[in-house]
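I have placed the structure first, in the form of structure tokens, so that the comments after it can refer back to it.
The values are calculated or read from the model by the stated rules, or taken from the named source; none is laboratory data. Since we're looking at a predicted model, the values are computed, not measured. Reconstructed Cβ throughout: ideal geometry from the backbone, glycine too, with neighbour counts over all protein chains shown.
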Amino acid sequence: MGFKLFLLLEKFLMILPKGLRKGFFSMLGTIAYYISSRYRNIGFQNLDFTFGSKISEKEKDEIVRYSFKNLLFNFLHLMEIRYMSKDELKSRITIQNIEAVNNAHDEGRSVIYVTSHYCAWELGGSSIGAFIEPIAAVFKSMKNKQYQEWMLESRSKFGNKSLEKSNVVKPLIKLMKNGEGCGIVIDTGINKREGLEVEFLGKKVRQTSTPAYLARKYNAAIIPITIRTDDEENYTLMLFDEIPVERTDDEQADIQKATQLQADWLSTLITKEPKFWFWIHRRFKSEYPQIYKK
């Protein structure tokens, strides 16, 4: 019953002018900032932990407020994509450095798109499928299966597929062998038994080594990708140059180095424009649980 009401709300919202719809979700983000003390505190804890006094309390408050609003905007994008044509999406997206992908494909290589929860990540994923190539994106299974189906349906609108995170390595290997692309998020917290230790935002954390492992073994190209905006209407899909993966006699060292380079890319991206990253999740909980107990 609840999900049916949600679908009715979606239909109503999609009748509204785009500006009203955006204003509604912006208002929800502001309300969420005030009523969700738990996630508001997580945002400040993350910022204090990574930046300390390097940025002011006022800046930290602005960043946390925007994190709530941006999360709601990503939810709005999921909704809008379900009703959006390819031409409508194209009118909002500019692609930067497509040559990075073209060069890899000219060499007959698959592409592993490494990305993060940064800015309009839902629009970014759809834009890859619509204007570069359809990819299989790794996701974590949700408890609410109806909402998960709704979300995955939106993400598949422009040709993308989704792979559930558990036991995902074999399907990813099959993609690499078939010359197909995949998308892997590298900024989520993982268990200490998983991934490799890297330095991220000046802190030692665990990060997935899957992109580096696949790239080294199957000669795929690791290409970082993100999306940003100046006005929350027009977006730039930013492709970065390929992250090299060495192939020496020391496989583990090669994978470690390439994984660290991915963390360096993301650290630089976030440090340059911190407001766009998703600060209201416990990225550091596995290695530094104490920061969330304050």
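Can you pull out the residues in the range 83-100 that are within 30 Å of E149 (Cα to Cα) and under 19 Å from the mean Cα position of the chain (by Cα)? So that I can check it myself, show each step before the final result.
Filtering the range 83-100 down to residues within 30 Å of E149 (Cα to Cα) leaves 83-95.
Passing the criteria: L89, R92, I93, T94, I95.
Let me confirm something: among S141, S156, S127, S162, which residue is polar (S, T, N, Q), closer than 15 Å to N74 by Cβ and under 17 Å from the mean Cα position of the chain (by Cα)?
Details: S141 fails: closer than 15 Å to N74 by Cβ; S156 fails: closer than 15 Å to N74 by Cβ; S162 fails: closer than 15 Å to N74 by Cβ.
None of the others qualify; the one that does is S127.
Filter the range 1-27 down to the residues that are charged (D, E, K, R) and surrounded by 13 or more Cβ atoms within 10 Å (Cβ to Cβ), then identify the one that is nearest to A120 (Cα to Cα). It would help to see each step written out before you state the result.
So the first thing to find is which residues in the range 1-27 are charged (D, E, K, R), and the list is 4, 10-11, 18, 21-22.
With the extra rule that they be surrounded by 13 or more Cβ atoms within 10 Å (Cβ to Cβ), the set shrinks to 10, 21-22.
Values: E10: 19, R21: 16, K22: 13 Å.
Per the stated criteria, the residue is K22.
So for the range 41-54 (the condition being of a type in the set (F, W, Y), modelled with pLDDT of 95 or more, out of contact with any Pro (no Cβ under 9 Å at 6 or more places or on another chain) and surrounded by 14 or more Cβ atoms within 10 Å (Cβ to Cβ)), does at least one residue qualify? Break it down into steps so the answer makes sense when it comes.
So the first thing to find is which residues in the range 41-54 are of a type in the set (F, W, Y), and the list is 44, 49, 51.
Then keep just the ones that are modelled with pLDDT of 95 or more; that gives 44, 49, 51.
Now drop any that are not out of contact with any Pro (no Cβ under 9 Å at 6 or more places or on another chain), which leaves 44, 49.
Retained after the next criterion (residues that are surrounded by 14 or more Cβ atoms within 10 Å (Cβ to Cβ)): 44, 49.
Among the residues of the range 41-54, at least one is of a type in the set (F, W, Y), modelled with pLDDT of 95 or more, out of contact with any Pro (no Cβ under 9 Å at 6 or more places or on another chain) and surrounded by 14 or more Cβ atoms within 10 Å (Cβ to Cβ), which makes the answer yes.
Are there helices (runs of 4 or more DSSP H) fully within the range 1-108 with at least 1 residues that are of a type in the set (A, V, I, L, M, F, W, C), in contact with a helix residue (DSSP H, G or I) (Cβ under 8 Å, 6 or more places away or on another chain) and in contact (Cβ under 8 Å) with a residue 12 or more places away in the chain? List them.
Details: elements: 2-15, 18-35, 37-51, 57-81, 86-90, 99-106.
Passing ranges, in order: 2-15, 18-35, 37-51, 57-81, 86-90.
For residues that are within 13 Å of Q207 (Cβ to Cβ) and of a type in the set (G, A, S), scanning just the range 236-294, find the one that is surrounded by the most Cβ atoms within 10 Å (Cβ to Cβ).
A258
Looking only at the range 205-228, decide whether some residue is under 30 Å from K145 (Cα atoms), basic (K, R) and in a loop (DSSP other than H, G, I, E, B).
no
Taking the range 177-204, which residues are surrounded by fewer than 21 Cβ atoms within 10 Å (Cβ to Cβ) and either part of a strand (DSSP E or B) or among the aliphatic types (A, V, I, L, M) (or both)?
Filtering the range 177-204 down to residues surrounded by fewer than 21 Cβ atoms within 10 Å (Cβ to Cβ) leaves 177-180, 185, 188-197, 199, 201-204.
Across the range 177-204, the qualifying residues are V185, I190, L196, E197, E199, L201, K203, K204.
Results for (1) in contact with a helix residue (DSSP H, G or I) (Cβ under 8 Å, 6 or more places away or on another chain); (2) under 28 Å from T268 (Cα atoms); (3) touching a residue at least 24 places away in the same chain (Cβ under 8 Å), shown as yes or no for each residue.
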site: Y147; (1), (2), (3): yes, no, yes
site: M151; (1), (2), (3): yes, no, yes
site: F158; (1), (2), (3): yes, no, yes
site: K165; (1), (2), (3): no, yes, yes
site: L175; (1), (2), (3): no, no, yes
site: E194; (1), (2), (3): no, yes, no
site: E199; (1), (2), (3): yes, yes, yes
site: S209; (1), (2), (3): yes, yes, yes
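Note down all Cβ pairs under 8 Å where the first residue falls in the range 113-136 and is at positive phi and of a type in the set (A, V, I, L, M, F, W, C), the second is modelled with pLDDT of 95 or more and not in a helix (DSSP H, G or I), and they're at least six residues apart or on different chains.
Matching pairs, first to second residue: C119/T226; C119/I227; C119/R228; C119/T229; C119/Y235.
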